[in-house]
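What follows is one structure encoded as structure tokens, with my remarks underneath.
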Amino acid sequence: MKTLQKYMATAALAAISLFACNPLQLDEIIDPNNPSVESVSNNASREQIQFLVTGLEARHRAYVFNVTAAWGTFGREVWYLNASDPRFQTDWLGQGGRVPDRAYFGFGVTGGGSYASPYQAIKQADVLIAAAENAGTLSQTDRSAISGFAKTIKGYQFMIPANFVYQNGIRIDVSDPLNPGPFVPYEQALDFIKSILDEGDQDLVAAGGGNFPLRLTPGFASFNTNSALRQVNRAITARLNAYRKDWTGVLSALEGSFMDLSGDLNAGPAHPYGAPPDAFNPIFYVPDALVTTMIVVHPSMLRDATPGDLRVANKFFERTVAPVTVTTDVGPLVGTHQDSRWPVITAAIPFIKNEELILLKAEAHANLGQTAQAVEAINIIRNAAGIGDYTGGTSQAALIDEILYQRRYSLWLEPWGHRWIDARRYDKLSEIDVSFDGGTVFTQFPHPQSEVNWDNYVGN
């Protein structure tokens, strides 16, 4: 089966990018290794459109390591222990009163994945949509399918910077990188993202129920029809609607998604990886590797686990050699367990899956006061984990606490940083345990310095 990089051998248009709303970095001539936007703007060939589709998938996975490691650290799902640079501990954990500023160390690493990289994917999607619309080699249904796919990825990517800077707001008008629009509040950004996803859904409806007209990578092997891509679109919309606190909207989106209450909890689209020249899974570590840099399980995840929880046994590997240890301002941090989800370094990483959708269903029902339906969904997750039916309180507050607990283990270290966002959504950041590292839990990040410099440059 082909991997993403094998598709990308000729898919050089992935190099088209938007660097945190800076000007496009494009070649002035038609370079076959880095084609210009102009080369695909008017009547692009089907092969060129294929390059753009595959390039968008490449851009779509660019956030994975940075968001997973950093946001996972912020939410104390993990520590990213790095003996070669103590700032991964001191700065990311907020030790010694450190707080994020515009030149914060996190922007050198997390900024790429949490802020700039998503905008690169958004620009790639915009170029794809425009190129497909002007390509005489495509039928109108083909154009609709491609537009629907691109807007689905675009909506997903906008959610990353929106949740990174949160109430500081993001730019949503980036169609002209030389004159980007103003920052808009978080809630307005989420509404805008909803409109993008809804447009993508309608495009996929217009495309009909046939196969997607171009090749998608193995990450979409089970979702390579227009109807199945609609299900992915609705799944992402369900996550978005939870952030918008639109609980009926969550349930409505789930009805059109791939949620299956009796199905494989891990089912869903994924980011594929492969052997060179493709990229390896960026969060894979060899079990028991004698290294000084590794993502390790946060001690509170081990302490707070329910006895017999299969998720702990299946996801956490206790090192049988020396633990990973680094020294920080407040003493040593010791990682006794590491991630054991990935059997090989080329394993694909799901970016939204059935397990999350079932938990979103539980959360929506709980917030709507529909206790029986919420408990029914909770029990699907609990029984899959081997810990039996829920027997706790049925007040809304008790159910939300239970759902957040189950999300903590079901969605541990997914490429998103769910716990950090979940705690913030329910005003529970203070409940994240910092006693092991003496740090601080951040609420949000400011815009990186490059944004300020760019505004000054263009006179905004």
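Work out the length of the dipole vector of the range 36-195 about its Cα centre, built from +1 on the beta-carbon of each Lys and Arg and -1 on the beta-carbon of each Asp and Glu, and round it to the nearest 20 debye. Working shown, then result.
Details: 13 positive and 14 negative charges, 49 e Å.
Dipole of the range 36-195, to the nearest 20 debye: 240 debye.
Based on Cβ point charges of +1 for Lys and Arg and -1 for Asp and Glu, what charge dipole magnitude is obtained for the chain about its Cα centre, in debye rounded to the nearest 20?
440
Of all accessible surface on the chain at a 1.4 Å probe, what whole percent is carbon and sulfur? Let's see the in-between values first.
Details: 8800 of 17060 Å².
After summing per-atom areas, the C and S share lands at 52 percent.
Given an 8 Å cut-off on Cα distances and at least 6 residues of separation, report the relative contact order of the chain as a percent. Write out the running numbers ahead of the final one.
Working: 855 pairs, mean separation 96.7, N = 460.
This gives 21 percent for the chain.
If you roll a 1.4 Å probe over the heavy atoms of the protein chains, what accessible area per residue do you get for the chain, in Å²?
On the way: 17060 Å² over 460 residues.
That works out to 37 Å² for each residue.
Give me the number: length gained by fully extending THR292 to LEU178, i.e. 0.36 nm times residue separation minus the C-alpha to C-alpha distance, one decimal in nm.
On the way: separation 114, 0.36 × 114 = 41.04 nm, distance 4.26 nm.
So the extension gain works out to 36.8 nm.
Between ASN383 and GLN140, how high is the FRET efficiency from 1/(1 + (r/R0)^6) when r is the Cβ-Cβ distance and R₀ = 51 Å? Nearest 0.05. Don't jump to the answer; show the numbers that get you there.
On the way: r = 47 Å, r/R0 = 0.92.
With R0 = 51 Å, the Cβ-Cβ based efficiency is 0.65.
Classify the range 305-419 as rounded, prolate or oblate, taking a ≥ b ≥ c as the square roots of the eigenvalues of its Cα gyration tensor: rounded when a/c is under 1.5, otherwise prolate if a/b is larger than b/c and oblate if not. Show your work: numbers first, answer last.
Numbers: a/c = 2.18, a/b = 1.82, b/c = 1.19.
Note, shape of the range 305-419 comes out prolate.
If ligands, DNA and RNA are left out, what is the accessible area of ARG46 with a 1.4 Å probe, given in Å² to the nearest 10?
Per-residue accessible area (ARG46): approximately 90 Å².
Note down the relative contact order for the range 101-187 as a percent, whole number, built from C-alpha pairs under 8 angstrom at least six residues apart. All intermediate terms of the calculation are to be shown ahead of the outcome.
Working: 70 pairs, mean separation 22.4, N = 87.
Computed over the range 101-187, the figure is 26 percent.
Before rounding to the nearest 500, sum -39500 (n - 2.57) across all DSSP H runs of length at least 4 in the chain and divide by the residue total; then give [θ] at 222 nm in deg cm²/dmol. Walk me through the numbers before you get to the answer.
Values: 18 runs with 209 residues, N = 460.
That calculation yields -14000 deg cm²/dmol at 222 nm.
If ASP427, ASP142 are ordered by their accessible area, calculated over protein heavy atoms with a 1.4 Å probe, which sequence runs from highest to lowest? Don't jump to the answer; show the numbers that get you there.
Values: ASP427 135, ASP142 30 Å².
So the residues, ranked largest to smallest area, are ASP427, ASP142.
Return the distance in nm (one decimal) between the two label points of a simple spin-label model at ALA103 and THR248, each offset 7 Å from Cα along Cα→Cβ.
About 5.1 nm, to one decimal.
Measure out, as a whole number of angstrom, how far apart the alpha-carbon centroids of the range 218-283 and the range 37-65 sit.
21
Assigning unit charges at the beta carbon (Lys, Arg +1; Asp, Glu -1) and nothing else, what dipole magnitude in debye, to the nearest 20, does the range 263-398 show about its Cα centre? The partial results should precede the final answer.
Numbers: 8 positive and 13 negative charges, 11 e Å.
So the dipole magnitude of the range 263-398 works out to roughly 60 debye.
What does the accessible area of SER41 come to, in Å² to the nearest 10, when a probe of 1.4 Å is used?
40
To the nearest 10 square angstrom, what accessible area does VAL452 show with a 1.4 Å probe?
40
Can you tally the lysine pairs in the chain where the Cα-Cα distance is under 23 Å and the two residues are eight or more apart, or on different chains?
For the chain, qualifying lysine pairs total 20.
The values are calculated or read from the model by the stated rules, or taken from the named source; none is laboratory data. What you are looking at is a predicted structure, and each value in this text was computed from that prediction instead of being measured. Methodologically, a virtual Cβ is constructed for each residue, glycine included, from the backbone with ideal geometry; neighbour enumeration extends over all protein chains shown. Ligands, DNA and RNA are excluded from the accessible area calculation, which covers all protein heavy atoms including side chains. Shrake-Rupley method; radii C 1.70, N 1.55, O 1.52, S 1.80 Å.
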